Amino acid sequence: MQPSKYAFIRKLNARRILNAAKVLASYYFSKATRKPWHWGMPISVSIEPTTSCNLRCPECPSGLRSFTRDTGMQDERLFQKTLDELASTLLYLTFYFQGEPYLNPRFLDMVRYAKRKEVFTSTSTNAHYLTDEKARETIESGLDRLIVSIDGTTQETYESYRIGGNLEKVIEGTKNILAWKKKLNSNTPHVIFQFLVVKANEHQIDDVKKLAEELGVNEVRLKTAQIYDYKQGSELIPSKTKYSRYYQQADGSWKLKNKLENQCWKMWQAPVITWDGLVVPCCFDKDAKHRMGDLKQTTFRELWKGPVYRNFRASVLRSRKEIDICTNCSEGTKVWA
């Protein structure tokens with residue numbers, strides 16, 4: 001069994017399992033009745049440490065600096081208040097939405113707080129800030145899963161997407177993490193190389209697997225890329241369709257593989273909380289257009305059970321294709337190739 005799976009299982013208890021069963025039951029009951037019933041609290045939550053980022057990736061609002069919402073850092077007190085409310089039933093906490101988590105100086109303090117609450121934690125990083133000291137602090141924080149974005153095995157390929165990035169820093173940061181895991185005799189974090197497959201790097205898939213094996217990385221995940229303006233094609237779309245979320249039609253235009261059925265598991269179990277306390281329905285609402293509420297003004301339970309969330313779930317069950325953030329959504333299709 002993978003150490004991260006063991007760490008996850010160890011954090012299970014009767015209350016969390018019962019809550020997950022209630023959420024799952026309410027989801028299937030809602031699909032059957034076409035009405036937005038909901039029992040229980042979220043199973044998984046994504047919390048955004050910051051919207052700041054050091055890179056300029058072409059399909060990322062943080063990289064493009066294209067947000068209309070403000071850039072900032074998650075306030076540790078707001079985080080603690082939120083987690084205090086959610087921790088007893090929460091199975092999984094992701095410290096990521098947009099931005100680079102390690103740019104928030106209090107990020108690992110928040111991980112430590114979640115560890116004290118015995119919540120499984122994960123984050124995604126471009127690994128440019130994993131110095132020797134920060135790597136040691138990461139291991140000591142108790143982080144359960146660390147996803148390292150590495151989209152090329154040569155600098156030329158890597159920086160074609162991770163604009164402004166340095167592959168040597170990514171590899172050095174990964175080595176630092178793995179070295180401190182060994183020094184501290186720690187099974188966590190489970191380290192994953194995430195390889196976002198695009199046309200420029202698809203020839204290096206075998207190379208990244210070899211690199212991961214040489215370094216001692218636990219796992220490699222091949223992720224398909226979300227492309228905002230895909231209908232007329234994009235230079236980012238891989239030539240091998242199994243690595244793409246889109247397919248080319250007879251007229252030359254491109255279409256999302258997802259059929260966008262009127263259902264969405266995320267709406268029942270996996271909300272996103274922005275750095276400033278806004279709750280949005282899922283990770284596809286990157287600019288926080290669909291605001292379910294503000295945790296600076298209300299409790300999570302009030303908005304989770306409230307009319308705004310209920311109406312949004314109803315709209316998903318009624319006609320998901322009419323919701324803008326759903327039109328390029330991968331929910332219900334393969335994200336990992």
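Would you check if ASP324 is in contact with a helix residue (DSSP H, G or I) (Cβ under 9 Å, 6 or more places away or on another chain) and not basic (Lys, Arg)?
When the stated conditions are applied, ASP324 does not pass them.
Considered as a group, the residues in the stretch 19-59 that are of a type in the set (Val, Ile, Thr) and open to solvent by 10 Å² or more (accessible area, probe 1.4 Å) include one that is farthest from the chain's Cα centre (by Cα), and that residue is THR33.
The set of residues in the stretch 60-80 being more than 17 Å from VAL272 (Cβ to Cβ), surrounded by fewer than 18 Cβ atoms within 10 Å (Cβ to Cβ) and not hydrophobic (A, V, I, L, M, F, W, C) consists of ARG65, SER66, GLU76, ARG77, GLN80. Out of LYS259, LYS286, LYS296, LYS305, I need the residue that is modelled with pLDDT under 95 and either open to solvent by less than 20 Å² (accessible area, probe 1.4 Å) or out of contact with any Cys (no Cβ under 9 Å at 6 or more places or on another chain) (or both). Which one? Just one listed residue meets the conditions, LYS259. Scanning the stretch 279-315 for residues that are in contact (Cβ under 8 Å) with a residue 60 or more places away in the chain and among the hydrophobic types (A, V, I, L, M, F, W, C) yields CYS283, ALA288, LEU295, PHE300, TRP304, ALA314.
Within the stretch 211-226, the set of residues being closer than 18 Å to ASN201 by Cβ, part of a loop (DSSP other than H, G, I, E, B) and in contact with a strand residue (DSSP E or B) (Cβ under 9 Å, 6 or more places away or on another chain) comprises VAL217, ALA225.
Within the stretch 315-333, work out how many residues are surrounded by 15 or more Cβ atoms within 10 Å (Cβ to Cβ) and more than 20 Å from THR224 (Cα to Cα). Residues meeting the conditions: 5. One residue stands out in the stretch 109-126 among those that are part of a helix (DSSP H, G or I) and not acidic (Asp, Glu): the one that is surrounded by the fewest Cβ atoms within 10 Å (Cβ to Cβ), namely ARG116.
Taking the condition out of contact with any Phe, Trp or Tyr (no Cβ under 8 Å at 6 or more places or on another chain), in a loop (DSSP other than H, G, I, E, B) and modelled with pLDDT of 95 or more, does ASP229 pass?
So ASP229 does not fit the description; no.
The values are calculated or read from the model by the stated rules, or taken from the named source; none is laboratory data. Because the structure is predicted, anything quoted here is derived from the model rather than measured. Glycine also receives a Cβ, built like all others from the backbone with ideal geometry; neighbour counts cover every protein chain displayed. For the accessible areas, the whole protein counts, side chains as well, though only heavy atoms, and no ligand, DNA or RNA atoms are used. Shrake-Rupley method; radii C 1.70, N 1.55, O 1.52, S 1.80 Å.
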